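The values are calculated or read from the model by the stated rules, or taken from the named source; none is laboratory data. Treat the numbers as computed from the prediction; the structure is a model and nothing was measured. Here the Cβ is made from the backbone with ideal geometry for all residues, glycine too, and neighbour counts use every protein chain on show.
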Amino acid sequence: MSTKDFLEKDYYKVLGVSKSATADEIKKSYRKLARKYHPDANKGDSASEERFKEISEAYNVLSDEKRRKEYDEARSLFGGGGVHVPGSGGGYNFDLGDLFGGGQPGSTGGRLGDLLGGMFGGGGGGRTTQQRARRGADIETETSLSFGDAIDGVTVSLHLAGEGPCKTCMGTGAKTGTVPRVCPTCEGTGQASRNLGNFAFSEPCRTCRGRGLVVDDPCPVCSGSGRAMSTRTIQARIPAGVANGQRIKLKGKGAPGERGGPAGDLFVKVHVAPHPVFGRSGHNLTVTVPITFPEATLGAEIKVPAHRGMPVSVRIPAGTPNGRTFRVRGKGVRRSDSTVGDLLVTVNVQVPQNINGTAKQALETFKQATAGPDPRDELLRRASAG
C-alpha cells in the first residue's frame, strides 16, 4: 500500500461504518464482512478474495488506535487536495501533486513528516530522524470446530490476509539486485526546511518524498513502497475445552512488525457445533437419559453414554423423581490445570402410553397399596389462602 493509496482509500467506507464508529462497531462490521468474503467460503472467486484483502487492509488500520489516529490526521490534512500554509505574499500552497507527482522512483510508501513516517516507515535513519520499531497489528479471525474437537483440542489451518513486507523486494522497495540509497538532499532525514519570509517550516523532502531513501529502480510488485498485501496459512493449536464463542489469543501470530518490531497477536473466535447427545455446562458435560417408571419407582442400575469412552454405570435409587440429576466424576471437560469436569446425568421418567389388562390391574393394586393423603391438598390449601 502506497502513501497515495493510503490518503485516497476510504477505509471507513470499505468497512461500511461512519468516521465516528467505535472500536466495537468497527470490529463487528469487519467480522460480518470477513465471514461473507473469506476465501474459504468463496473458493475460486477472485473478486471475493480481493474484497477480503481490502476489508483486512482497512481493519488493520482502523483497529489499531495509533494507526487510525494517524490515518484520520492525514486524511484531514490532505483531504481537500491541498494544504494552505500561511506566510508572506498570500502564503504557500502545496498539494498531493507536489508530494506524489513527477514519477519519482520510490515516491510511494513515503513519509509525510512524522505523521506518515510512523505508518510507513520513512525517515531513513539520518542525523535528525530516528527510525523506531513498530509492533505489528493484532488480527482477528474465526474458525468452526466439531463438539469433539472442542473438547479434546485440535490443530487447525487458518487463512489470513494482511499487509506486510513485500516478499519480492524483502521490504526494501527496490528491484531485485538493487538497493535504495540515502537521499542526497536531506541526507536521510526525510525533511527539508523552507523559508517563507517571516518563518521557516519543515516539509517532506521533495527528492525522496519524505522517505529518506531514494529507490532508483523500484520493485515492480510494490512500486517501491516495500509493503504489499498477501495471504498466508498458519497452523494454530486450539486448546482442549474451548467453549462456543470463546476468543483464543495466539501471541505473535498477528501482522508482522515494522523495522524489527515484534509481530502482533492473533485472536481466534471459536464456533462449536452442537452435539446430538451431549451439552456443556462450564467444564461439565450434560446428558439427559430416559428411565422407565418401574426403574424410577423400584430403583435400578443403568448404563449411560460417556463422551469418547465406554458407557458408565449410574445407580438410580428407588423413588427417583423425574428430572433428578446425578454426577459422574471425571467424565467431563479437561481444564487448563489438567483437572477434569464431571458428567451430569439428568433422568427423564418415561410414562407408558399403552398398557395391557394385566399391567393395568397391577397398577390398580399398586395404587390401593400406596394410597395416602392427596398430594395436592397442601397446594390447594395454600392457593385458597392467598
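Annotations
- When the helices (runs of 4 or more DSSP H) confined to the range 1-110 are screened for residues that are modelled with pLDDT under 50 and charged (D, E, K, R), those reaching at least 1 such residues are found at 96-100.
- Subset tally (residues that are in a loop (DSSP other than H, G, I, E, B) and either under 11 Å from LEU344 (Cβ atoms) or acidic (Asp, Glu) (or both)) for the range 269-282: 2
- Restricting the range 135-192 to residues that are of a type in the set (Lys, Arg) and over 20 Å from the mean Cα position of the chain (by Cα), the residue that is surrounded by the fewest Cβ atoms within 10 Å (Cβ to Cβ) is LYS167.
- Residue that is surrounded by the most Cβ atoms within 10 Å (Cβ to Cβ), among those in the range 224-268 that are small (Gly, Ala, Ser), in contact (Cβ under 8 Å) with a residue 24 or more places away in the chain and within 17 Å of ASP138 (Cβ to Cβ): GLY254
- In the range 11-31, the residues that are loosely packed, with under 13 Cβ neighbours inside 10 Å and either under 16 Å from GLY162 (Cα atoms) or without any contact (Cβ under 8 Å) to a residue 24 or more places away in the chain (or both): LYS13, SER18, SER20, THR22, ASP24
- Candidates HIS271, HIS283, filtered to the one that is modelled with pLDDT of 90 or more, of a type outside the set (A, V, I, L, M), farther than 25 Å from TYR59 by Cβ and in contact with an Asp or Glu (Cβ under 9 Å, 6 or more places away or on another chain): HIS283
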